[in-house]
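Peer 1: Shown below is the structure under consideration.
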Amino acid sequence: GAVVSQHPSWVICKSGTSVKIECRSLDFQATTMFWYRQFPKQSLMLMATSNEGSKATYEQGVEKDKFLINHASLTLSTLTVTSAHPEDSSFYICSATAGANTQYFGPGTRLTVL
Amino acid sequence: AQTVTQSQPEMSVQEAETVTLSCTYDTSESDYYLFWYKQPPSRQMILVIRQEAYKQQNATENRFSVNFQKAAKSFSLKISDSQLGDAAMYFCAYRRWGDMRFGAGTRLTVKP
């Protein structure tokens, strides 16, 4: 089946620094990638949708200047959390679709901001 | 906007028994896709089963099957012969074009 990887799996950073999370589709070309945020014991909340070569579409309430998304190729999308603060601590999950309307999810990245 | 509702925050089943997880959704569209995803403690989202709305036949995947009632906008998941490894959070999801909308999830416990 389709495999999506995320790196890093966990990261701890100081408040005010920036953190980049990579999402890769390993065995297929992903026309669209999605970034979700999940708080403990809650569902996945969509942050943004990114298509290769174009600007990401952000959900209402998500700060596009804080959560920078780049989808440079059909196999790679990155999420950069800029000037991170403790309230940005969360579990970030990416997913990718190969056009069959099924999303394949990465294993997630746990971000802790001190 | 499409919404997905899972009214059972927690469910419990005895090993080898059958359990049904409920899901309803709201949409004005006629063509869409529905999914059940499983999220074990590792937090990796795993696709369990998917249903195309234009198909009347209910999808099945080994011990997992769905009861898709399009008119009622209901999409329940039945797990037969429950196993300890089935214990996880289960999310119902809707997708037409673009992003996927998730329900709040149901935590399934399997008792040995």
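Peer 1: I'd like the full set of residues that are touching a Phe, Trp or Tyr at 6+ places or on another chain (Cβ under 9 Å), assigned to a strand (DSSP E or B) and not hydrophobic (A, V, I, L, M, F, W, C), limited to region B:78-112.
Peer 2: B:78, B:90, B:94, B:95, B:101, B:106, B:107
Peer 1: What number of residues in region A:79-114 are in contact with an Asp or Glu (Cβ under 9 Å, 6 or more places away or on another chain), within 14 Å of chain B (Cβ to nearest Cβ) and surrounded by fewer than 17 Cβ atoms within 10 Å (Cβ to Cβ)?
Peer 2: 1
Peer 1: Across region B:73-112, what is the total count of residues that are of a type in the set (Phe, Trp, Tyr) and out of contact with any Ser or Thr (no Cβ under 6 Å at 6 or more places or on another chain)?
Peer 2: Of region B:73-112, the ones of a type in the set (Phe, Trp, Tyr) are B:75, B:90-91, B:94, B:97, B:102.
Still in the running and out of contact with any Ser or Thr (no Cβ under 6 Å at 6 or more places or on another chain): B:75, B:91, B:94, B:97.
Total satisfying the criteria: 4.
Peer 1: OK, next. Being over 23 Å from residue B:6 (Cβ atoms), over 14 Å from the mean Cα position of the chain (by Cα) and in contact (Cβ under 8 Å) with a residue 24 or more places away in the chain: is that true of residue A:13 here?
Peer 2: yes
Peer 1: Which of the residues spanning region B:14-44 are within 14 Å of chain A (Cβ to nearest Cβ), in contact (Cβ under 8 Å) with a residue 60 or more places away in the chain and assigned to a loop (DSSP other than H, G, I, E, B)?
Peer 2: Those that are within 14 Å of chain A (Cβ to nearest Cβ), in contact (Cβ under 8 Å) with a residue 60 or more places away in the chain and assigned to a loop (DSSP other than H, G, I, E, B): B:23, B:29, B:31, B:32.
Peer 1: Restricting to region B:54-76, and then to whatever is part of a strand (DSSP E or B) and either without any contact (Cβ under 8 Å) to a residue 24 or more places away in the chain or more than 11 Å from the chain's Cα centre (by Cα) (or both), can you tell me which residue is nearest to the other protein chains (Cβ to nearest Cβ)?
Peer 2: Of all residues in region B:54-76, those part of a strand (DSSP E or B) come to B:60-61, B:64-69, B:74-76.
With the extra rule that they be either without any contact (Cβ under 8 Å) to a residue 24 or more places away in the chain or more than 11 Å from the chain's Cα centre (by Cα) (or both), the set shrinks to B:60-61, B:65, B:69.
Working: B:60: 16, B:61: 12, B:65: 18, B:69: 20 Å.
Selected residue: B:61.
Peer 1: Restricting attention to region B:9-46, and to residues there that are of a type in the set (Asp, Glu) and farther than 23 Å from residue A:91 by Cβ, which single residue is nearest to the chain's Cα centre (by Cα)? Spell out how you get there, then give the answer.
Peer 2: As a first pass, look at region B:9-46 and keep what is of a type in the set (Asp, Glu): B:10, B:15, B:17, B:26, B:29, B:31.
Remaining after also requiring farther than 23 Å from residue A:91 by Cβ: B:15, B:17, B:26, B:29, B:31.
Numbers: B:15: 19, B:17: 17, B:26: 15, B:29: 19, B:31: 18 Å.
The qualifying residue nearest to the chain's Cα centre (by Cα) is B:26.
Peer 1: Right, something else. Would region B:1-23 turn up any residue that is modelled with pLDDT under 95, surrounded by 13 or more Cβ atoms within 10 Å (Cβ to Cβ), closer than 29 Å to residue A:39 by Cβ and touching an Asp or Glu at 6+ places or on another chain (Cβ under 9 Å)?
Peer 2: Yes, because at least one residue in region B:1-23 is modelled with pLDDT under 95, surrounded by 13 or more Cβ atoms within 10 Å (Cβ to Cβ), closer than 29 Å to residue A:39 by Cβ and touching an Asp or Glu at 6+ places or on another chain (Cβ under 9 Å).
For (1) surrounded by 13 or more Cβ atoms within 10 Å (Cβ to Cβ); (2) without any contact (Cβ under 8 Å) to a residue 60 or more places away in the chain; (3) within 14 Å of another protein chain (Cβ to nearest Cβ), each residue gets a yes or a no:
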| position | (1), (2), (3) |
| --- | --- |
| B:52 | yes, yes, yes |
| B:78 | yes, no, no |
| B:107 | yes, no, yes |
| B:110 | yes, no, no |
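Peer 1: If I filter region A:9-51 down to residues being of a type in the set (Lys, Arg) and surrounded by fewer than 18 Cβ atoms within 10 Å (Cβ to Cβ), which single residue comes out as nearest to the other protein chains (Cβ to nearest Cβ)? Walk me through it before giving the result.
Peer 2: The initial filter retains those residues of region A:9-51 that are of a type in the set (Lys, Arg), namely A:14, A:20, A:24, A:37, A:41.
Imposing the further condition that a residue be surrounded by fewer than 18 Cβ atoms within 10 Å (Cβ to Cβ) reduces the set to A:14, A:20, A:41.
Numbers: A:14: 24, A:20: 20, A:41: 8 Å.
That would be A:41.
Peer 1: Condition test on residue A:68, is it within 10 Å of another protein chain (Cβ to nearest Cβ) and under 14 Å from the mean Cα position of the chain (by Cα)?
Peer 2: Working: within 10 Å of another protein chain (Cβ to nearest Cβ): no; under 14 Å from the mean Cα position of the chain (by Cα): yes.
When the stated conditions are applied, residue A:68 does not pass them.
The values are calculated or read from the model by the stated rules, or taken from the named source; none is laboratory data. Note that this is a predicted model, so its numbers are computed, not measured. Because the Cβ atoms are built from the backbone with ideal geometry, glycine has one as well, and the counts that use them run over all protein chains shown.
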